[in-house]
Amino acid sequence: MARTPTHADGYDAKGARRIYPSPENNKGPILEVLKTVLPSSGFVLEVGAGSGQHTAHFAAHFSGLEWQATEPEPDLRTSIAAWIDYAGIENAPAPLELDCREDHWPVDQADAVISSNMIHISPWASCVGLIAGAARILGKGGILYIYGPFSEGGVHTSPGNANFNAALKSRNPEYGVRDLDDVTTLAKDHGFALERRVSMPSNNLSLIYRKS
C-alpha cells in the first residue's frame with residue numbers, strides 16, 4: 001500500500017514530525033464521530049496512519065484504549081513515533097509496519113479498525129485488503145471506520161471531489177475517489193453492515209461499519 005500525500009509536506013522545527021493540512025483540519029470533526037462509536041476500553045488498530053497527527057490527537061482523547069498505529073512507509077512511521085513522543089501519549093505503542101494488502105497482519109485481534117484518508121490515495125487493492133483484514137481481526141460487533149471523499153451511485157458529490165479525483169488519477173491511474181456503493185458492497189461481502197453514514201466538512205464522509 002503506497003501512500004502519496006495530497007498536500008505539500010510540512011515539518012516541525014526539528015524535522016521529525018510531518019505536518020499536513022488535511023489531518024490537521026479534519027482531526028476535530030473525525031474525533032467527534034469516533035466519540036460516538038468507539039468503546040471506552042479495548043484495542044484500536046489505525047491503518048495507514050500517515051503523519052501521526054491523527055494518532056496523537058485521537059489516542060489522547062481515548063485514554064482507556066490502546067491505540068496501535070500502522071503505516072507501510074518508514075519515514076512516516078518515524079513521524080508517527082515523533083508525534084507520540086511529542087504529545088506524551090502513553091496508550092499508543094510504537095507504530096507497526098503494515099501493508100494492508102498482505103494476508104497476515106501484525107495484529108490478530110482488535111475491537112475497532114479505523115482508516116482515514118487512505119483508500120483514495122492508494123490502489124483499490126488496498127481498500128480490499130483493509131476490509132478483508134478488518135474482517136479477520138474484528139469479532140462480532142467490531143467497528144470498521146473509514147473516512148474520506150466518496151462518490152455516490154457513480155456520481156461525484158461536488159465539483160471539488162470530481163476535480164480531486166481527476167488530479168489523483170493523473171498522479172496514478174490506480175488512485176481515485178471511491179464509490180460508496182462499491183465500498184459498502186465489498187464490506188457486506190466480508191460480513192459488515194453499514195451502520196451509519198455521517199456527512200463531514202469539505203464533502204467527506206465518515207462510514208461506520210459493524211461486523212455481524
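The values are calculated or read from the model by the stated rules, or taken from the named source; none is laboratory data. Treat the numbers as computed from the prediction; the structure is a model and nothing was measured. Positions of Cβ are backbone-derived with ideal geometry, glycine not excepted, and every protein chain shown enters the neighbour counts.
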Here the residues within segment 162-193 that are out of contact with any Leu (no Cβ under 8 Å at 6 or more places or on another chain), over 16 Å from GLY129 (Cα atoms) and in a helix (DSSP H, G or I) are ALA162, ASN163, PHE164, ASN165, ALA166, ALA167, LEU168, LYS169, SER170, ARG171, ASP181
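Scan segment 107-120 and tell me whether some residue there is in a helix (DSSP H, G or I) and either of a type in the set (Val, Ile, Thr) or modelled with pLDDT under 95 (or both).
First, the residues of segment 107-120 that are in a helix (DSSP H, G or I): 119-120.
In the following step, the residues that additionally are either of a type in the set (Val, Ile, Thr) or modelled with pLDDT under 95 (or both) were identified as 119.
Yes, segment 107-120 contains at least one residue that is in a helix (DSSP H, G or I) and either of a type in the set (Val, Ile, Thr) or modelled with pLDDT under 95 (or both).
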For segment 148-168, state whether one or more residues are touching a helix residue (DSSP H, G or I) at 6+ places or on another chain (Cβ under 6 Å), closer than 22 Å to VAL44 by Cβ and modelled with pLDDT of 95 or more. yes
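Would you pick out the residues in segment 81-106 that are part of a loop (DSSP other than H, G, I, E, B) and touching a Pro at 6+ places or on another chain (Cβ under 7 Å)? Steps first, answer last, please.
Quick first cut of segment 81-106, residues part of a loop (DSSP other than H, G, I, E, B) only: 88-95, 97-106.
Across segment 81-106, the qualifying residues are GLU97, LEU98, ASP99.
Conditions (1) of a type in the set (Gly, Ala, Ser); (2) touching a residue at least 60 places away in the same chain (Cβ under 8 Å); (3) farther than 25 Å from ARG178 by Cβ, marked per residue:
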| position | (1), (2), (3) |
| --- | --- |
| LYS27 | no, no, no |
| SER40 | yes, no, yes |
| PHE43 | no, yes, yes |
| SER63 | yes, no, yes |
| GLU73 | no, yes, no |
| CYS100 | no, yes, no |
| VAL113 | no, yes, no |
